[in-house]
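Coordinate-derived values only; no laboratory data. The model shown is predicted, which means the values in this text are computed figures rather than measured ones. Positions of Cβ are backbone-derived with ideal geometry, glycine not excepted, and every protein chain shown enters the neighbour counts.
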């Protein structure tokens, strides 16, 4: 009986020792395992988990540049304007205030901006068409420019100085005509009555020649086609358009 009690006590002690044995092992395992930091940094020796990627913001389109604003360009007084006539202009077929057409021989520019290109249409006017006197005074033709066609297609009114062309003198022609008439009169007078008749006839012929001159004008003043005429602005001319 006593031996049984001893055996039972031994078994009880053995079981109690086995139940307490794992505690030191658990403690050792806990000390061996590295502690996880509170800031989320992975323990040494471990690969950090990939961070979640934040999508890059979409690029914003730059605002469109504002359209260029219209600008005023001014041709100063004194600006040269050279033109080439399209058709002939003369005192026989034109009158004061009639218009004529020409083209620019060189462009009109302001601050590097071309207002009118070479070859642009230019409209001029006949300031005065004087056919001249019957006996004295030569015919004359005076022209000026009125407007020019711009590169934009519109017309710009301009004021320029005038250019005058005079007719060639017809004095020699008149003298020849008078001489012919006087000679013809003398011939008629000689046939009629000899020397005295010739003198009378010459006077009659000369009078007829003068009468013919009085009825006939001198040469017309003319500016041929393709003539280059040089003008200049007498007042500023402004236009507003896009650069």
Quickly rank 62-74, 83-95 as a protection proxy: mean count of other C-beta atoms within 10 Å, highest first. 83-95, 62-74
Taking R0 as 22 Å, what FRET efficiency do you get between residue 232 and residue 125 from their Cβ-Cβ distance, rounded to the nearest 0.05? 0.85
Show me the ranking of peptides 108-118, 155-165 by mean Cβ neighbours inside 10 Å, starting with the highest. 155-165, 108-118
Hypothetical label at residue 162: residues of the stretch 80-106 whose amide nitrogen lies under 13 Å (7 Å Cα-Cβ projection): 96-98
Give me the extension gain from residue 54 to residue 82: residue separation times 0.36 nm, minus the current Cα-Cα distance, reported in nm with one decimal. 3.1 nm
Gain upon complete extension [residue 111, residue 241; 0.36 nm per residue less C-alpha separation]: 45.5 nm
